[in-house]
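In what follows, a single structure is set out as structure tokens and then discussed.
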Amino acid sequence: MTESQETTVVYTDGACRGNPGPGGWGWVVPGGQSASGGAPQTTNQRMELTAVLEAVRSLEGPLEVFSDSTYVVNCFRDRWWEGWIRRGWRNSQKKPVANRDLWAPLIEMVLSRDIAFRWVKGHAGDRWNDEADRLATEAADSQDPVPEQRLF
């Protein structure tokens with residue numbers, strides 16, 4: 001990385017209609033790129049993580065990631081990931097870490113790049129957080145939910 005590389009600011013969000021249920025994720029660079037997607041049967045936490053993972057995969061150089069997910073921000077702020085790895089991907093309750101399939105590649109990318117995480121209060125009038133939320137919500141709404149299976 002050269003010193004001349006500017007940090008890109010990106011806002012991320014996830015949404016879920018039911019938890020679990022149809023979900024969506026979105027990210028937006030203020031005044032620039034954006035992306036979104038979804039899954040028919042997922043959780044809100046998976047969508048929050050997917051939004052960050054997709055933004056980090058899509059954007060080069062140093063990043064400042066704004067998220068209204070304490071799940072995501074606190075993992076990096078409080079370095080939860082260090083304990084997970086030290087304990088063989090077990091949490092402090094000795095249970096397998098949820099969403100490891102998303103956390104592992106995200107943590108690997110964060111460790112290899114200059115990426116900072118900032119918490120932003122959701123649904124509080126922040127223009128770009130609201131835009132990321134809109135993208136995630138629209139993606140969630142566009143999913144065809146997986147029908148519930150009934151046991152007879």
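Take THR12 and tell me if it is surrounded by fewer than 18 Cβ atoms within 10 Å (Cβ to Cβ) and polar (S, T, N, Q). Answer is no for this residue. With respect to VAL72, is the statement that it is touching a strand residue (DSSP E or B) at 6+ places or on another chain (Cβ under 8 Å), surrounded by 13 or more Cβ atoms within 10 Å (Cβ to Cβ) and assigned to a helix (DSSP H, G or I) true? For VAL72, the condition - touching a strand residue (DSSP E or B) at 6+ places or on another chain (Cβ under 8 Å), surrounded by 13 or more Cβ atoms within 10 Å (Cβ to Cβ) and assigned to a helix (DSSP H, G or I) - is met.
Among the residues of the stretch 107-121, the one identified as out of contact with any Ser or Thr (no Cβ under 8 Å at 6 or more places or on another chain) and closer than 19 Å to ALA15 by Cα is LYS121. Would you check if there is a residue in the stretch 44-61 being of a type in the set (Val, Ile, Thr), surrounded by fewer than 14 Cβ atoms within 10 Å (Cβ to Cβ) and under 14 Å from the mean Cα position of the chain (by Cα)? Looking through the stretch 44-61, none of the residues is of a type in the set (Val, Ile, Thr), surrounded by fewer than 14 Cβ atoms within 10 Å (Cβ to Cβ) and under 14 Å from the mean Cα position of the chain (by Cα).
Of all residues in the stretch 107-122, those that are part of a loop (DSSP other than H, G, I, E, B) and either free of Cβ contacts under 8 Å to residues at least 24 places away in the same chain or touching a Phe, Trp or Tyr at 6+ places or on another chain (Cβ under 7 Å) (or both) total 1.
The numbers here are math on the coordinates, done by the rules we state, and not lab data. Fair warning: this is a prediction, and the values are worked out from it, not measured in the lab. For neighbour counting, all protein chains shown are included, and Cβ atoms are generated from backbone atoms with ideal geometry for every residue, glycine included.
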